[in-house]
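Participant: Okay, handing you the structure first.
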Amino acid sequence: MVNNNITQTKETQSIVSPSMAVELLKAGNSRFLSKSVSSRDLHQQIADTTTGQYPFASIVSCIDSRIPTEIVFDQGIGDVFNARVAGNFVNEDILGSLEFACKLAGSKVIVIMGHTSCGAVKGACDHAKLGNLTQMLDKIMPAVNNTTTGEGEERNSSNKDFVNRVSKENVMLTVDNVRTMSPVLKEMEDAGEISIVGAMYHIDSGKVEFYT
């Protein structure tokens, strides 16, 4: 197993399998939850990564300030790639970044991580209109439209359960979009070189729930 206290190198990255990468993130979140985070010399990691980087994971998450990715997964400098956008969806730019992260830089897993009580999802549920935000929220609408409700159940941000179900659906649709929109990443996953998984961060507890 990779030592949590050292900076990732080409050698340590090379021994991480896609399934191990997921387990490393799960273990990091467990340390975060139990208040037993790893002791790291971040300034030394700055020096260690001056000439190169070898992250084992790539995470697409929301810009929400309550989800500092390295912190909740107890990772250091040089451990993970981060792509953050409100609503944690993918577009050509993010997919290109993920292709770089995996094909060229050796990342072993892509995690699409939503979160509970997501403001972007609430905006999509409420059909919010505001400048460029309107176009951005349109990318979340497929998840809103795919999420069913019972008779008389509100389909807006006042319904917390509906919002969180839309968030999960948005994660799963985004996982599918990575595969369908990036032949490069789909080929790598089919070859067992990477995994593409979904996850949900619970803002009330700090726990990350992974979806299989």
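Just so you know, all these numbers are worked out from the coordinates, no wet-lab data involved. Values in this document were obtained by computation on a predicted structure and should not be read as measured data. Here the Cβ positions follow ideal geometry from the backbone for every residue, glycine too, while neighbour counts run over all protein chains shown.
Participant: Can you give the angle from 0 to 90° between the axis of helix 160-181 and the longest principal axis of the chain, with both taken from C-alpha atoms, to the nearest 10?
Facilitator: Approximately 60 degrees, to the nearest ten.
Participant: Given Cα pairs under 8 Å that are at least 6 residues apart, what percent is the relative contact order of the chain?
Facilitator: Rounded, it is 23 percent for the chain.
Participant: Using helices alone, what [θ] at 222 nm do you get for the chain, with -39,500 (n - 2.57) per DSSP H run of 4 or more residues, divided over all residues and rounded to the nearest 500?
Facilitator: -12000 deg cm²/dmol
Participant: Quick one: angle between helix 18-33 and the longest Cα principal axis of the chain, in degrees between 0 and 90, rounded to 10, please.
Facilitator: Between helix and principal axis, roughly 80 degrees.
Participant: Right, next: Provide the net charge surrounding Gly52, with neighbours chosen by a C-beta distance below 14 Å and charges set as Lys +1, Arg +1, Asp -1, Glu -1.
Facilitator: -2
Participant: Show me the ranking of peptides 30-37, 185-192, 119-126 by mean Cβ neighbours inside 10 Å, starting with the highest.
Facilitator: Result, highest mean first: 119-126, 185-192, 30-37.
Participant: Looking at the chain, what % of its DSSP beta bridges pair antiparallel, to the nearest 5?
Facilitator: The antiparallel proportion sits near 20 percent.
Participant: Return, ordered by residue number, the residues of the stretch 130-164 whose backbone nitrogen is under 12 Å from a label point located 7 Å along Cα→Cβ of Met172.
Facilitator: 143, 146-148
Participant: Rounded if a/c is under 1.5, else prolate if a/b beats b/c, else oblate: with a ≥ b ≥ c from the C-alpha gyration tensor eigenvalues square-rooted, which is the chain?
Facilitator: prolate
Participant: Using mean Cβ contacts within 10 Å as the protection proxy, how do 104-115, 75-86 order, highest first?
Facilitator: With the highest mean Cβ count within 10 Å placed first, the list reads 104-115, 75-86.
Participant: For Asp204 and Asn156, FRET efficiency with R0 = 25 Å and r from the beta-carbon atoms, rounded to 0.05?
Facilitator: 0.75
Participant: By a straight-distance test (C-alpha under 24 Å), which lysines pair with Lys103 as possible cross-link partners, with residues fewer than eight away in the same chain excluded?
Facilitator: Lys10, Lys26, Lys186
Participant: Continuing with the same structure: Counting only C-alpha contacts under 8 Å and six or more residues apart, can you give the relative contact order of the stretch 102-212 as a whole percent?
Facilitator: Across the stretch 102-212, relative contact order equals 37 percent.
Participant: Need one word for the stretch 1-72: rounded, prolate or oblate. Basis is the Cα gyration tensor (sqrt eigenvalues a ≥ b ≥ c); a/c below 1.5 gives rounded, then a/b vs b/c decides. Before the final figure, lay out each step's value.
Facilitator: Values: a/c = 1.39, a/b = 1.25, b/c = 1.12.
It is rounded, given that a/c, with a ≥ b ≥ c, falls under 1.5.
Participant: Based on the mean of other Cβ atoms within 10 Å per residue, sort peptides 46-58, 161-173 so the most packed one is first.
Facilitator: 161-173, 46-58
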